[in-house]
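**Q** Got a structure for you, written out below as structure tokens; questions coming shortly.
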Amino acid sequence: MKKIVLSGVKPTGHSHIGNYFGAIKPAIDFTANDENLCFYFIADYHALTTLKNKQEMIDFSYDIAITWLACGVDPQKVVFYRQSDIPEVFELYWILCNVTPKGLMNRAHAYKACVEKNEEAGLDRDAGVNMGLYNYPILMAADILLFNSDVVPVGLDQKQHVEIARDIATYFNNKYGKVFKLPDVEIQKETATLVGLDGRKMSKSYGNTIGLFTTAEQLQKSINKIVTDSRLPSEPKDTDCALFKLYKLFADKQQTAEFAEKLKAGLGWGEAKKQLFEVANKVISPMREKYFYYQNHKSEVDAILAEGAQRARTIARKTLDKVRKAIGV
Ligand code: TRP
């Protein structure tokens, strides 16, 4: 029996290298282990809580699918699909709504944060909250439980959602008999080295990201914007800087050690940036080629996702049959 590893990713716009090293690469590393069967999907219906523009929904969904394919998701090995192609998710979602106490949803972080913000602003506590946001964790539980997931690798911000999925599974099992496996969360550690251009954590909200799939010229331009100090060429430099931390992500151990030596010996920042570009571009360029290939061959992406949906639905159907039987419909 293979271990079922499942994770969803929301289409939210172009990925940056922080997303690559923090989420995409670790997810792809899971697929290299033959004891795992990985289910990765585009969580487009989760994105709907915030993404209300039709064209963005279309473009971002393709972009995230293409990004993951370009980074190495092998659709032969991974069950790779779009959430909205799996109607079974939504059927299970409704069933799960009926074993989920409302109070559990009141405690979900995203909802609570909205309520707190509203209260601070003197507004109605539910101002601007729609039922999609409120029920978001139940939809996520459906994603997870439908495929008997053993492990759900997510960032720390999603930990509570996986715990809620466990709770919901437990409520269901207690009422109807053991149908669901309880999923374990696996937290993807924040790589301390995931720094942005300004040395803070790389994040869209700080505007300090380096895009993953830009042109090589744009990559070089971004790298040139990395903040360094005013030390002159020939002055020794230490490795506690954004530039070195980024270099380390792309380079192997030996290259990294050599680069540290060169910095100590006084390598100029301009030259250091060139060398960072070299290692980064070497990793990114084969992926970039695939990315632009799929952008120009979207029908191939459609076919991959359709095939993934078919595989996913075969499994989903079996779970749902059990669930329907258990509840008596
Ligand atoms: N909510 C997750 C996020 O914002 C995405 C997601 C949806 C997910 N369904 C999931 C992650 C199921 C893991 C398992 O990142």
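The values are calculated or read from the model by the stated rules, or taken from the named source; none is laboratory data. Fair warning: this is a prediction, and the values are worked out from it, not measured in the lab. Here the Cβ positions follow ideal geometry from the backbone for every residue, glycine too, while neighbour counts run over all protein chains shown. Just the protein is used for accessible areas: all its heavy atoms, side chains included, with ligands, DNA and RNA removed. Shrake-Rupley method; radii C 1.70, N 1.55, O 1.52, S 1.80 Å.
**Q** With contacts defined as alpha carbon pairs under 8 Å and 6 or more residues apart, what's the relative contact order of segment 190-253 in percent? Spell out each step's value before the answer.
**A** Values: 51 pairs, mean separation 23.2, N = 64.
Relative contact order, segment 190-253: 36 percent.
**Q** Here's a follow-up. Would you be so kind as to identify all helices of the chain, as entire DSSP H runs, whose Cα atoms reach 18 Å or more along the helix's own axis and whose mean Kyte-Doolittle hydropathy is at least 0.0? Before the final figure, lay out each step's value.
**A** Working: long enough: 54-71 (26 Å, 0.36); 131-145 (21 Å, 1.08); 159-176 (26 Å, -0.93); 269-295 (36 Å, -0.77); 298-327 (41 Å, -0.45).
Passing helices, by number: 54-71, 131-145.
**Q** Shifting gears a bit: Treat each spin label as a single point 7 Å out from the Cα along the C-beta direction, and report the Arg107 to Lys221 distance in nm.
**A** Computed distance between label sites Arg107 and Lys221 equals 4.9 nm.
**Q** Let me know the longest stretch in the chain that avoids all GluC sites (Glu not before Pro) found in a DSSP loop with at most 13 other C-beta atoms within 10 Å.
**A** Values: sites that count: Glu35, Glu190.
For GluC sites (Glu not before Pro) (loop position, at most 13 other Cβ atoms within 10 Å), the longest site-free span of the chain is 36-189.
**Q** Let me ask something else about it. For segment 185-329, what mean projected area does the convex hull of the alpha carbons give, in nm²? Each step should come with its number before you reach the end.
**A** Values: hull surface 52.2 nm².
If I average the Cα hull's projected area over directions, I get 13.0 nm².
**Q** Once label points are set 7 Å from the Cα along Cα→Cβ at both Cys97 and Ala303, what is their separation, rounded to one decimal in nm?
**A** Output for this residue pair reads 3.8 nm.
**Q** Next question. With contacts defined as alpha carbon pairs under 8 Å and 6 or more residues apart, what's the relative contact order of segment 39-138 in percent?
**A** The value is 31 percent.
**Q** Further, regarding this structure: Taking H as built 1.01 Å from N, whose amide H comes closer than 5 Å to the amide H of Asn36, not counting residues under 5 places away?
**A** Placed amide hydrogens put Lys3 under 5 Å from Asn36.
**Q** Residue by residue, what Karplus-based ³J(HN,Hα) values in Hz, rounded to whole numbers, does segment 47-52 have, using 6.51, -1.76 and 1.60 with θ = phi - 60° and x for Gly and Pro?
**A** Listing the rounded values in order: 5, 4, 4, 10, 8, 10 Hz.
**Q** Then there is this: Under 20 Å from a point placed 7 Å out from the Cα of Thr314 along the Cα-to-Cβ direction: which residues of segment 16-49 have their backbone N that close?
**A** 34-42
**Q** Using a 10 angstrom Cβ neighbour count of at most 10 plus a DSSP loop assignment to flag exposed trypsin sites (Lys or Arg not before Pro), which longest range of the chain is free of such sites?
**A** Values: sites that count: Lys52, Lys189.
Formally, the longest exposed-site-free interval is 190-329.
**Q** Between segment 291-329 and segment 147-163, what is the separation of their alpha carbon centroids in Å?
**A** That distance is 20 Å.
**Q** Scan around Gly155 for amide H atoms under 5 Å from its own, H built in the peptide plane at 1.01 Å from N, and keep only partners 5 or more places away or cross-chain.
**A** Gln188
**Q** May I pose another question? Rg and Dmax of the chain, Cα atoms, in Å?
**A** Both quantities, over Cα of the chain: 22.2, 77 Å.
**Q** About the Cα centre of segment 139-253, what is the dipole size in debye to 20, counting +1 per Lys and Arg Cβ and -1 per Asp and Glu Cβ, all else neutral? It would help to have the intermediate numbers written out before the result.
**A** On the way: 16 positive and 15 negative charges, 16 e Å.
For this selection, approximately 80 debye.
**Q** Related question: Under the Karplus relation 6.51 cos²θ - 1.76 cosθ + 1.60, θ = phi - 60°, what is the ordered set of whole-Hz ³J(HN,Hα) values for segment 121-128, x standing for Gly and Pro?
**A** Working through the residues one at a time gives 7, x, 9, 4, 4, 9, 4, x Hz.
**Q** Counting residues in segment 213-291 as N, plug N into 2.2 N^0.38 Å and put the Cα Rg over that result.
**A** On the way: Rg = 12.7 Å, N = 79, 2.2 N^0.38 = 11.6 Å.
With N residues counted in segment 213-291, Rg over 2.2 N^0.38 Å equals 1.10.
**Q** Multiply the residue gap between Ala121 and Asn174 by 0.36 nm, knock off their C-alpha separation, and tell me the result in nm, one decimal place. Please report the intermediate quantities before stating the final value.
**A** Values: separation 53, 0.36 × 53 = 19.08 nm, distance 4.08 nm.
15.0 nm is the gain from fully extending Ala121 to Asn174.
**Q** What FRET efficiency, computed as 1/(1 + (r/R0)^6) with R0 = 41 Å and r the Cβ-Cβ distance, is obtained for Ile327 and Thr12, rounded to the nearest 0.05? Write down the numbers at each step before the final one.
**A** Details: r = 35 Å, r/R0 = 0.84.
Efficiency, from the Cβ-Cβ distance: 0.75.
**Q** Moving on. Run the helix sum for the chain: -39,500 (n - 2.57) per DSSP H stretch of 4+ residues, divided by residue count, reported at 222 nm to the nearest 500 deg cm²/dmol. Mind dumping the intermediate values first?
**A** Values: 13 runs with 177 residues, N = 329.
Helices in the chain give a 222 nm mean residue ellipticity of -17000 deg cm²/dmol.
**Q** Heavy-atom accessible area per residue, segment 1-100, 1.4 Å probe: how many Å²?
**A** On the way: 4170 Å² over 100 residues.
Here the residues of segment 1-100 average 42 Å² of exposed surface.
**Q** Select from Ala121, Ala141, Ala242 the residue whose mean-square fluctuation is largest in a Gaussian network model of the chain (Cα-Cα springs shorter than 10 Å).
**A** Maximum fluctuation in the GNM of the chain, among the listed residues, is at Ala121.
**Q** Considering the zone a paramagnetic label at Thr50 would reach in this model (a point 7 Å from Cα along the Cα-to-Cβ line), which residues of segment 14-29 have amide N under 16 Å from it?
**A** Only 14-16, 19 fall inside the zone, counting backbone N under 16 Å.
**Q** What FRET efficiency comes out for the pair Lys290/Ile187, r = Cβ-Cβ distance, R0 = 22 Å, nearest 0.05? Don't skip to the end; give the middle numbers.
**A** Working: r = 29 Å, r/R0 = 1.32.
The formula returns an efficiency of 0.15 here.
**Q** Continuing with the same structure: What do you reckon, how do Met131, Met287 stack up by accessible area (1.4 Å probe), largest on top? The partial results should precede the final answer.
**A** Working: Met131 120, Met287 20 Å².
Heavy-atom accessible area, descending, gives Met131, Met287.
**Q** Still on this model: Treating only the Cβ of Lys, Arg, Asp and Glu as charged (+1, +1, -1, -1), what charge dipole size does segment 213-291 show about its Cα centre? Round to the nearest 20 debye. Please report the intermediate quantities before stating the final value.
**A** On the way: 14 positive and 11 negative charges, 43 e Å.
Dipole size: approximately 200 debye.
**Q** Alpha carbon centre of segment 12-75 versus segment 210-248: separation in Å?
**A** What the calculation gives is 27 Å, centre to centre.
**Q** Next up: What is the set of long-range amide H partners of Val185 at a cut-off below 5 Å, with H atoms built 1.01 Å from backbone N?
**A** Close amide H contacts, sequence-distant or interchain: Val152.
**Q** Quote the relative contact order of the chain in percent (integer), defining contacts as alpha-carbon pairs under 8 Å separated by 6+ residues. The partial results should precede the final answer.
**A** Values: 477 pairs, mean separation 72.4, N = 329.
In percent, rounded to a whole number, it is 22.
**Q** Dipole magnitude of the chain about its Cα centre, charges +1 at Lys/Arg Cβ and -1 at Asp/Glu Cβ only, in debye to the nearest 20? Mind dumping the intermediate values first?
**A** Numbers: 44 positive and 40 negative charges, 98 e Å.
Its charge dipole is roughly 480 debye.
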